[in-house]
Amino acid sequence: MKRSVCLTLLTISLQLLTISCSTSKEKATVKESTAQTASSASIQFDADSAYHYIEQQVAFGPRVPNTEAHVVCGDYLVSKLKSYQAEVIEQKMTVTAYDGTPLKARNIIASFQPENKNRILLFAHWDTRPYADADADEKNWQTPIDGANDGGSGVAVLLELARLLQTNKSNMGVDIIFFDAEDYGTPEWLEDENVESEDTWCLGTQYWTQNPHKPGYKASYGILLDMVGGTNATFRKEQISMHFASYVVNQVWDKASKSGYSSYFLPSEGGVITDDHLYVNQGAKIPSIDIIDYDPARKNGFPDTWHTLDDTMNHISKETLKAVGQTLTNILFENNK
Ligand code: AHN
Ligand code: ZN
């Protein structure tokens, strides 16, 4: 008896739902078709442009804090973002490296629609590692790397998104942060199992979480791009991201698949990676994920070029840049409510 009442109620409510759905669906269809002509159908992420942004960064030389190339590249990034009509804030600071070296560092923050309360945070590190300490040849361990992928690629994808944000309106306010001093962590040759060295990485991000560029800064969620330009890259569901922001991971992976990039964004489990998103999650309390090329079947999970002198333009793929860039483009400009 009870069951049948329930069922009847369910049927009635389902019918009501169908009726209300069909009317709102009609409206939605109309709305969508206008929106599509205006934006989503036509917004293409230009992988050639992103590739060029990596070339430009690499041309400065390794972007290691306390070097001239680092200063000049920072100026280039600021001027690019300003040219795309973003509001740009530079956060200059001195942070202390694992060995006590004071590092002159600079976080570069670009805001689109700064007045919009509904915000998304996109971030990447822009500095490059001073040491090729994962290089097969020990003679190279003290040599700085080009960082085409590790550093260059995430920044390049975000610069291309900034270019698109200049001419296309998202319904979200967007903040792009280029964090500094991510990659100056304790070198492998000094790694000591008994000494915790995790916090020697991501120094710019750690500074920012303690000194946000705007008091009480919040975003609905954050996406970190790290090594998103390598040949044959694959992205797996990184576990810190899953812990703090599984719904963001799933939303991004779903969008990637709907955009035709399910061969890059795999549904399998990734590593547990100490990266800038950890501090954004813990310190700033913004649910954030890491899109990072990581395959547990590899030696250390990261691409073979990681922290080696091989992290050069030769191993950058426009197809990978397109897969990541187009997925993010579709997140920013599709399904706007
Ligand atoms: C560590 O190696 C501790 N984390 C990886 C974060 C990283 C370094 N991403 C790029 N370079
Ligand atoms: Zn690195």
remark   = Counting only strands (runs of 3 or more DSSP E) entirely within the range 70-128, those with at least 2 residues that are among the small types (Gly, Ala, Ser), closer than 12 Å to Val174 by Cβ and under 21 Å from the mean Cα position of the chain (by Cα) are 102-112
message = Suppose we filter Ile292, Ile286 for residues that are at pLDDT 95 or above, in contact with a Leu (Cβ under 9 Å, 6 or more places away or on another chain) and not in a loop (DSSP other than H, G, I, E, B); which single one remains?
response = Ile292
ask   = If you take the residues of the range 188-202 that are within 16 Å of ligand 2 (Cβ to nearest atom) and in a loop (DSSP other than H, G, I, E, B), which of them is most open to solvent (accessible area, probe 1.4 Å)?
value = Glu191
note = Within the range 203-236, restricting to residues that are away from ligand 2 (no atom under 15 Å from the Cβ) and among the hydrophobic types (A, V, I, L, M, F, W, C), the one that is surrounded by the most Cβ atoms within 10 Å (Cβ to Cβ) is Phe235
task = Identify all residues within the range 113-129 that are open to solvent by 10 Å² or more (accessible area, probe 1.4 Å) and either within 20 Å of Thr327 (Cα to Cα) or within 14 Å of ligand 2 (Cβ to nearest atom) (or both); write none if there are none.
result = Asn118, Arg119
task = From (1) more than 21 Å from Ala97 (Cα to Cα); (2) touching a Leu at 6+ places or on another chain (Cβ under 6 Å), pick out the condition that doesn't hold for Arg163.
result = (2)
query = Which residue, of Gly185, Gly152, is among the small types (Gly, Ala, Ser) and not in a helix (DSSP H, G or I)?
reply = Gly185
key: Members of the range 134-181 that are within 11 Å of ligand 1 (Cβ to nearest atom) and open to solvent by 10 Å² or more (accessible area, probe 1.4 Å)   = Ala134
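The values are calculated or read from the model by the stated rules, or taken from the named source; none is laboratory data. Keep in mind that what you see is a predicted model, and the values were worked out from it rather than measured. Using ideal geometry, Cβ is built from the backbone for each residue, glycine included, and neighbour counts are taken over all protein chains shown. The accessibility values were calculated without ligands, DNA or RNA, using every heavy atom of the protein model including side chains. Shrake-Rupley method; radii C 1.70, N 1.55, O 1.52, S 1.80 Å.
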